[in-house]
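Shown next, in structure tokens, is the structure this report addresses.
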Amino acid sequence: MRLDKFLCEMNMGTRSQVKDAVRKGLVAVNGIPAKSADMKINENTDKVAFRDRILQYRKYSYYMLNKPPGMVSATVDNTADTVVSLLKGEMHSGDIFPVGRLDKDVTGLLLLTNDGNLAHRLLSPARHVDKTYQVTLEHPISPKDIERLESGVDIGEEKPTLPAQVSVVTEDVILLTIHEGRFHQVKRMLLAVGNGVRSLKRISFGALRLDETLREGEYRELTPEEIDLL
Ligand code: URA
């Protein structure tokens with residue numbers, strides 16, 4: 001990889017800023033000041049230092065975000081802030097995207113990465129990756145609602161939803177686990193049974209669970225164990 005590309009990916013600045021840093025002798029490769037920004041480096045074995053700090057390269061980045069309300073799950077949007085804007089300044093931030101979407105008002109677990117293959121696998125409809133939502137309801141949940149959600153409901157599409165799992169927290173808070181990712185699925189399921197959603201928070205995605213120490217708008221990198229789980 002070219003040295004300037006590497007430095008940009010590591011978020012050390014724009015192309016012209018990193019070129020300038022190389023010219024000023026602020027970048028060293030294996031202990032020797034780099035002569036030109038377009039020199040080739042091996043990002044996995046060469047030790048690149050910027051202002052005497054060694055930069056550890058990783059091809060992919062994985063972040064868990066506790067999505068705040070009011071942000072759009074996209075990389076660009078004309079009307080609202082996007083979740084990726086929260087990661088500005090992180091490695092690969094220019095290539096990072098959210099894996100799937102949460103509605104603008106919905107909070108909770110969102111995975112962000114630049115690993116397209118992983119995203120593709122997790123979003124593949126054939127894989128039925130489980131997602132669990134904490135749902136605050138408009139009305140107390142009834143045994144009939146539970147039975148219908150757990151057997152699959154008609155949300156106006158060709159096929160009813162796959163059977164979901166309901167766990168009752170209080171009379172108007174449930175945990176709902178679904179195995180698909182249809183548009184506004186949870187809200188439409190609750191409407192279909194004559195209830196409604198007051199607020200929605202995703203607490204798990206596949207084997208990944210939301211780190212409850214993250215406040216809304218906060219994120220952290222996944223641990224190696226969490227990456228393995230995915
Ligand atoms: N179901 C919804 O209705 N909205 C979401 O954002 C996710 C699941």
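Taken together, the criteria place Pro68 among residues that are touching a Gly at 6+ places or on another chain (Cβ under 6 Å) and in the same structural domain as Pro224 (by TED's automatic domain parsing). Within region 170-179, being more than 8 Å from the ligand (Cβ to nearest atom) and surrounded by 13 or more Cβ atoms within 10 Å (Cβ to Cβ) holds for Asp172, Val173, Ile174, Leu175, Leu176, Thr177, His179. Among the residues in region 30-43, are any surrounded by 21 or more Cβ atoms within 10 Å (Cβ to Cβ) and within 16 Å of the ligand (Cβ to nearest atom)? No, every residue in region 30-43 fails to be surrounded by 21 or more Cβ atoms within 10 Å (Cβ to Cβ) and within 16 Å of the ligand (Cβ to nearest atom). So is Asn78 loosely packed, with under 15 Cβ neighbours inside 10 Å, assigned to a loop (DSSP other than H, G, I, E, B) and free of Cβ contacts under 8 Å to residues at least 12 places away in the same chain or not? For Asn78, the condition - loosely packed, with under 15 Cβ neighbours inside 10 Å, assigned to a loop (DSSP other than H, G, I, E, B) and free of Cβ contacts under 8 Å to residues at least 12 places away in the same chain - is met.
Residue pairs, Cβ under 9 Å, 6 or more apart or interchain, first in region 173-195 and assigned by TED's automatic domain parsing to the domain that holds Val153 and more than 16 Å from Glu138 (Cα to Cα), second hydroxyl-bearing (Ser, Thr, Tyr) and near the ligand (Cβ under 8 Å from one of its atoms). List them. As it stands, the answer is Thr177/Tyr133; Ile178/Tyr133, since those pairs meet every condition given.
Considering only region 191-229, state which residues are of a type outside the set (A, V, I, L, M), under 19 Å from Leu65 (Cα atoms), in a loop (DSSP other than H, G, I, E, B) and within 16 Å of the ligand (Cβ to nearest atom). Steps first, please.
Going residue by residue through region 191-229, those that are of a type outside the set (A, V, I, L, M) are 194-196, 198-199, 201-202, 204-206, 209, 211-213, 215-221, 223-226, 228.
Remaining after also requiring under 19 Å from Leu65 (Cα atoms): 199, 201-202, 204-206, 209, 211-213, 215-221, 223-226, 228.
Next, from what is left, pick out any that are in a loop (DSSP other than H, G, I, E, B): 206, 211-213, 215-218, 223.
Passing the criteria: Gly206, Glu216.
Just one residue in the set Arg15, Arg51 is of a type outside the set (Asp, Glu), at positive phi and outside the structural domain of Asn114 (by TED's automatic domain parsing); that residue is Arg51.
Would you check if there is a residue in region 180-190 being on the phi < 0 side of the Ramachandran plot, more than 11 Å from the ligand (Cβ to nearest atom) and not aromatic (Phe, Trp, Tyr)? Before you say what the answer is, go through the steps one by one.
Here is the first cut: in region 180-190, the ones on the phi < 0 side of the Ramachandran plot are 180-183, 185-190.
Right, trim to more than 11 Å from the ligand (Cβ to nearest atom) and you get none.
No, region 180-190 has no match at all.
None of Leu112, Leu149 is surrounded by 14 or more Cβ atoms within 10 Å (Cβ to Cβ) and assigned to a strand (DSSP E or B) except Leu112.
Looking at this structure, is Thr161 outside the structural domain of Asn66 (by TED's automatic domain parsing), in contact with a Gly (Cβ under 6 Å, 6 or more places away or on another chain), within 13 Å of the ligand (Cβ to nearest atom) and under 18 Å from Leu123 (Cβ atoms)?
Numbers: outside the structural domain of Asn66 (by TED's automatic domain parsing): yes; in contact with a Gly (Cβ under 6 Å, 6 or more places away or on another chain): yes; within 13 Å of the ligand (Cβ to nearest atom): yes; under 18 Å from Leu123 (Cβ atoms): yes.
Against the criterion (outside the structural domain of Asn66 (by TED's automatic domain parsing), in contact with a Gly (Cβ under 6 Å, 6 or more places away or on another chain), within 13 Å of the ligand (Cβ to nearest atom) and under 18 Å from Leu123 (Cβ atoms)), Thr161 qualifies.
When the residues of region 58-73 are filtered to those that are touching a residue at least 60 places away in the same chain (Cβ under 8 Å) and of a type in the set (S, T, N, Q), the one that is farthest from the ligand (Cβ to nearest atom) is Ser61.
The values are calculated or read from the model by the stated rules, or taken from the named source; none is laboratory data. Since this is a predicted model, take the numbers as computed values, not measurements. We place every Cβ from the backbone using ideal geometry, glycine too, and count neighbours over all the protein chains shown.
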